[in-house]
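Chemist: Structure below; questions to follow.
The values are calculated or read from the model by the stated rules, or taken from the named source; none is laboratory data. Predicted model, so just to flag it, every value in this text is computed and none were measured. Ideal geometry is used to build each Cβ from the backbone, glycine not excepted, and the neighbour counts take in all protein chains shown. Calculation scope for accessible area: heavy atoms of the full protein, side chains included, ligands and nucleic acids excluded. Shrake-Rupley method; radii C 1.70, N 1.55, O 1.52, S 1.80 Å.
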Amino acid sequence: MMRKSFVWLISFALMVGMVSAFAQKQTQKKRPARKAQKEDTRVYLVHADVLHFDQLINPDATILNGKVQFTHQGARLYCDSAYFYEGSNSFEAFGHVKMVQGDTLSLVSDYAYYDGNEQMARARYNVVLKHKKTTLYTDSLDFDRLYDNAYFFEGGKMIDGNTTLTSDWGEYNTKSKMSVFNYDVKMRSPKFYLTTDTLYYDTRFSMAHIVGPSDIYSGESHIYSEQGYYDTKKEQARLMNRSVLSNQGRTMIGDSVWYDSQAGISKAFRNVVYVDSVNKNKLTGNYGEYLENTGYAMCTDSAVAIDFSQGDSLFMHADTFKVITFNIETDSVYRKIHAYRHVRAYRTDVQAICDSLVYNSQDSCMTMYYDPIVWNVNQQLVGDRIEVFLKDSLINRAHVIDNCFSIQQLRSDTACYNQVKSKEMFAFFVDGKIHETRAVGNVLIGYYFEEGDSIPIIYNYQETSELRMFLKDRKLQHVWTPKTSGTMYPLNQIPADRKRLTGFVWYDAIRPQNRDDIFNWKPKP
C-alpha cells in the first residue's frame with residue numbers, strides 16, 4: 001500500500017513538473033519585450049564642499065558652497081555656490097559659473113539659472129560663450145541646449161577669426177553655426193567695415209547675408225546694398241536690388257553687383273549705370289565691369305556713353321565700350337576710351353556715326369575709324385578717318401584724313417549744296433565755335449553765291465591745291481586760295497558732273513534724329 005502510494009506520488013510530481021514547465025514556457029512566449037530604459041533627465045549634484053538647508057534664506061533649495069559641480073545630459077556645470085531646487089530639477093549658480101559641453105563649447109558668467117526640464121541656461125553678467133573658433137561676449141544670454149540656440153538681447157559682440165560683429169540683439173546656433181544680428185549691427189575686419197540693422201552670418205564659411213539697408217566700406221570703396229552676401233574671408237560681395245558701388249568719385253549701380261575687394265574687381269548686371277563724376281561722363285548698359293588696380297572699365301549690351309561735361313549732353317551708343325588706364329599710379333596717368341562697333345552719337349548740335357572710335361585723354365583726341373560721318377546743323381563731313389581734339393571739354397580743332405568730303409545744304413526745301421572735296425581737311429574753333437576751315441590737296445569746290453534771304457543766284461566750280469575759309473558766328477567772312485581754275489554757272493546751266501562732285505552722297509537718312517535713335521544702326525547705302 002505504501003509502495004503504491006509512493007509510485008503515485010512520484011508520477012504526480014512528474015506530471016506537475018511537466019505541466020509547470022509547459023506553463024512557464026508559454027508564459028515566456030506571451031511576455032512582451034522589455035521597453036528601453038527612459039532617458040534620465042535629472043540634474044545631478046556631483047560635488048560641493050558644504051551642503052546645508054536654511055529655511056530663512058531659501059526654504060525650497062539645498063544651499064551648496066565650495067567647488068560646486070553638476071552634471072546633466074552630457075554637460076558639466078561648475079560654480080562657487082548654488083541653490084539646488086531638486087523638486088523642479090533646476091539650480092541657480094553664483095560666482096565663476098562655467099558650463100562645458102563636449103570639448104567644443106563652454107559658457108562662463110557671473111550668474112546663471114539652469115532649468116533641467118527645459119534644458120535652458122540663463123547666463124548673466126560678463127557672459128562668454130566659446131564654440132570652436134567663435135567667441136560671443138554679452139551680459140545677458142539664454143542658451144537653449146534642446147535646440148542649440150544662444151540668444152543675447154542687451155548688446156553682444158561676436159569674434160570669428162579676424163571678423164568682429166556687434167549688435168543690440170542676436171542669436172547663434174551652435175549646431176548649424178548660423179547667427180542672426182539685429183539693431184545697430186556693426187561688422188569689422190582689418191580690411192572692411194559693415195553697418196546694417198539686420199545681418200545673417202554663417203561662421204562655417206564666414207559668409208554674411210545682408211537683408212536690409214547696409215553700408216560696406218573697404219579702403220576707398222563704399223557699397224550700399226539692401227540684399228546680398230559678403231564673404232569676409234575672400235572679401236567678395238554678391239549684391240542685389242540695385243546695389244551701389246562707389247570709389248573715388250566713380251559709382252556703379254546694377255540690378256546685381258559682384259565685387260572682389262582683394263582683386264579690386266567689380267561687375268554689374270542688368271540696367272547698369274557707371275558714373276564718373278570727376279570727368280563728368282557715365283556709361284549705361286546691361287553688363288559692366290571695373291578693375292580698380294588697373295583703371296580698366298567695360299560696358300556692353302545696349303551700352304551708352306553719356307558726356308555731360310558741357311551744357312548739352314552727348315549720347316553715344318556702341319556694341320561695347322572699354323576704358324583703359326595707363327600709368328595709373330603716376331602723375332602722368334591718362335586713359336583711352338574705345339567704342340566699337342556700330343557707333344552712333346547724338347547731341348542737339350552735332351551727330352555722328354562710325355564703326356569704331358578711340359578717345360585718348362593724353363592729347364584729348366577722339367579718332368573715328370571706318371566710314372565716319374559727322375553732321376552739324378546743315379553740314380555733313382565724311383572721310384576715311386576723322387580726328388577731333390578737345391580743350392577744356394570743348395572742341396578745339398578737327399582733322400579729316402583721306403577722301404574728305406564736306407557738304408552744306410543751303411535750305412531743306414532746296415537741292416542746292418555747297419561742297420568741298422580734298423585729300424585733307426582741318427577745322428579750327430574758338431570757345432567751341434568754328435572760325436576757320438582748310439582743305440588741302442586736290443581741292444574741288446562747288447559753291448553757291450547767294451543774295452537776300454539766302455537765295456542762290458550763281459554756282460561757282462573751282463579746282464585748287466588749298467582752300468581757307470574764315471567764319472564768324474557761322475557766317476563766311478573771307479575765302480583764300482592760291483591759283484585756281486574753274487567756271488561760274490547760272491543756276492539753269494550747271495553741268496550734272498559739276499553740280500554734284502564725284503562721290504557726293506547726302507546721308508541724312510541714316511543721321512541720328514534723337515537720343516533714342518542711337519540704338520538703330522543704319523549702314524551707309
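Chemist: Taking the conditions exactly as written (at pLDDT 85 or above, not in a loop (DSSP other than H, G, I, E, B) and not aromatic (Phe, Trp, Tyr)), does ARG76 satisfy them or not? Break it down stepwise before answering.
Modeler: Numbers: at pLDDT 85 or above: yes; not in a loop (DSSP other than H, G, I, E, B): yes; not aromatic (Phe, Trp, Tyr): yes.
Criteria met by ARG76.
Chemist: Something else now. Can you tell me which residues in the stretch 355-373 are in a strand (DSSP E or B) and open to solvent by less than 30 Å² (accessible area, probe 1.4 Å)?
Modeler: If we filter the stretch 355-373 for residues that are in a strand (DSSP E or B), which is where we start, we get 355-360, 365-369, 373.
Listed by number, the residues that qualify are SER356, LEU357, ASN360, CYS365, THR367, MET368, ILE373.
Chemist: Would a scan of the stretch 312-321 turn up a residue that is open to solvent by less than 20 Å² (accessible area, probe 1.4 Å), touching a residue at least 24 places away in the same chain (Cβ under 8 Å), over 26 Å from LEU245 (Cα atoms) and over 22 Å from the mean Cα position of the chain (by Cα)?
Modeler: no
Chemist: Regarding the stretch 44-60, can at least one residue be identified that is buried (at least 16 other Cβ atoms within 10 Å of the Cβ), in contact with a Phe, Trp or Tyr (Cβ under 8 Å, 6 or more places away or on another chain) and without any contact (Cβ under 8 Å) to a residue 24 or more places away in the chain?
Modeler: Residues of the stretch 44-60 buried (at least 16 other Cβ atoms within 10 Å of the Cβ): 45, 48.
Retained after the next criterion (residues that are in contact with a Phe, Trp or Tyr (Cβ under 8 Å, 6 or more places away or on another chain)): 45.
Restricting the remaining residues to those that are without any contact (Cβ under 8 Å) to a residue 24 or more places away in the chain gives none.
No, the stretch 44-60 has no match at all.
Chemist: Still on this structure: Can you name every residue in the stretch 271-295 that is in contact with a Phe, Trp or Tyr (Cβ under 8 Å, 6 or more places away or on another chain), surrounded by fewer than 17 Cβ atoms within 10 Å (Cβ to Cβ) and part of a strand (DSSP E or B)?
Modeler: ASN286 - this is the single residue of the stretch 271-295 that is in contact with a Phe, Trp or Tyr (Cβ under 8 Å, 6 or more places away or on another chain), surrounded by fewer than 17 Cβ atoms within 10 Å (Cβ to Cβ) and part of a strand (DSSP E or B).
Chemist: Here is a follow-up. How about the stretch 296-331: which of its residues are in a loop (DSSP other than H, G, I, E, B) and at pLDDT 90 or above?
Modeler: Our first condition is that a residue be in a loop (DSSP other than H, G, I, E, B); within the stretch 296-331, this holds for 301-303, 308-313, 318-319, 327-331.
Within the stretch 296-331, ASP301, SER302, ALA303, ALA318, ASP319, ASN327 qualify.
Chemist: Quick check on the stretch 322-379: of everything there that is within 27 Å of the chain's Cα centre (by Cα) and among the aromatic types (Phe, Trp, Tyr), which residue is nearest to GLN419 (Cα to Cα)?
Modeler: TYR340
Chemist: Still on this structure, I have one more. State all residues of the stretch 401-423 that are without any contact (Cβ under 8 Å) to a residue 60 or more places away in the chain, surrounded by fewer than 18 Cβ atoms within 10 Å (Cβ to Cβ) and either part of a strand (DSSP E or B) or touching a Lys or Arg at 6+ places or on another chain (Cβ under 7 Å) (or both); if no residue qualifies, say none.
Modeler: Filtering the stretch 401-423 for residues without any contact (Cβ under 8 Å) to a residue 60 or more places away in the chain gives 401-402, 404, 406, 408, 410-416, 418, 420, 422-423.
Within this subset, residues satisfying the condition of being surrounded by fewer than 18 Cβ atoms within 10 Å (Cβ to Cβ) are 401-402, 408, 410-415, 423.
Correct list: ILE401, ASP402, GLN408, LYS423.
Chemist: Separate question: So which residues in the stretch 380-398 are under 30 Å from GLU450 (Cα atoms), open to solvent by 30 Å² or more (accessible area, probe 1.4 Å) and within 41 Å of the chain's Cα centre (by Cα), if there are any at all?
Modeler: Passing the criteria: ILE395, ASN396, ARG397.
Chemist: If TYR114 meets every condition in (1) open to solvent by 50 Å² or more (accessible area, probe 1.4 Å); (2) at pLDDT 95 or above apart from one, which number is that one?
Modeler: TYR114 satisfies all of (1) open to solvent by 50 Å² or more (accessible area, probe 1.4 Å); (2) at pLDDT 95 or above except (1).
Chemist: If you scan the stretch 499-521, which residues turn out to be farther than 17 Å from SER406 by Cβ and open to solvent by 60 Å² or more (accessible area, probe 1.4 Å)?
Modeler: If we filter the stretch 499-521 for residues that are farther than 17 Å from SER406 by Cβ, which is where we start, we get 509-510, 512-521.
Hits for the stretch 499-521 are ALA509, GLN513, ASN514, ARG515, ASP516, PHE519, ASN520, TRP521.
Chemist: For the stretch 198-221, enumerate the residues that are more than 24 Å from SER176 (Cβ to Cβ) and surrounded by 16 or more Cβ atoms within 10 Å (Cβ to Cβ).
Modeler: Within the stretch 198-221, the first condition is being more than 24 Å from SER176 (Cβ to Cβ), and the residues that meet it are 213, 215-221.
The answer is ILE216, SER218, SER221.
Chemist: Please specify each residue of the stretch 222-255 satisfying the condition of being buried (at least 19 other Cβ atoms within 10 Å of the Cβ), closer than 17 Å to GLY288 by Cβ and of a type in the set (Ser, Thr, Tyr).
Modeler: SER225, SER243
Chemist: Go through (1) farther than 25 Å from PHE315 by Cα; (2) open to solvent by less than 90 Å² (accessible area, probe 1.4 Å) and name the single condition LYS472 misses.
Modeler: The failed condition is (2).
Chemist: Can you go through SER412, SER406 and tell me which one is among the polar types (S, T, N, Q) and either touching a Phe, Trp or Tyr at 6+ places or on another chain (Cβ under 9 Å) or within 28 Å of LYS391 (Cβ to Cβ) (or both)? Quick ask: steps written out before the conclusion?
Modeler: Values: SER412 fails: either touching a Phe, Trp or Tyr at 6+ places or on another chain (Cβ under 9 Å) or within 28 Å of LYS391 (Cβ to Cβ) (or both).
Answer to the selection: SER406.
Chemist: For the condition in contact (Cβ under 8 Å) with a residue 24 or more places away in the chain and over 17 Å from VAL180 (Cα atoms), what is the one hit in LEU141, LEU146, LEU136? Step through it out loud before you land on a result.
Modeler: Working: LEU141 fails: over 17 Å from VAL180 (Cα atoms); LEU136 fails: over 17 Å from VAL180 (Cα atoms).
Just a single option satisfies the conditions, and that option is LEU146.
Chemist: List the pairs whose first member sits in the stretch 489-513 and is acidic (Asp, Glu), whose second member is outside any loop (DSSP other than H, G, I, E, B), and whose Cβ atoms are under 9 Å apart, counting only residues at least 6 apart or on separate chains?
Modeler: As it stands, the answer is ASP508/TRP375; ASP508/GLN380; ASP508/GLN409, since those pairs meet every condition given.
Chemist: Return the only residue of ALA427, ALA496, ALA439 being among the hydrophobic types (A, V, I, L, M, F, W, C), out of contact with any Gly (no Cβ under 8 Å at 6 or more places or on another chain) and loosely packed, with under 12 Cβ neighbours inside 10 Å.
Modeler: Working: ALA427 fails: loosely packed, with under 12 Cβ neighbours inside 10 Å; ALA439 fails: loosely packed, with under 12 Cβ neighbours inside 10 Å.
Only one candidate qualifies: ALA496.
Chemist: Now for a different question. Assess whether ALA263 counts as being open to solvent by less than 10 Å² (accessible area, probe 1.4 Å), under 30 Å from LYS132 (Cβ atoms) and out of contact with any Asp or Glu (no Cβ under 7 Å at 6 or more places or on another chain). I'd like the intermediate steps shown before the answer.
Modeler: Values: open to solvent by less than 10 Å² (accessible area, probe 1.4 Å): no; under 30 Å from LYS132 (Cβ atoms): yes; out of contact with any Asp or Glu (no Cβ under 7 Å at 6 or more places or on another chain): yes.
Taking the combined requirement at face value, the residue does not satisfy it.
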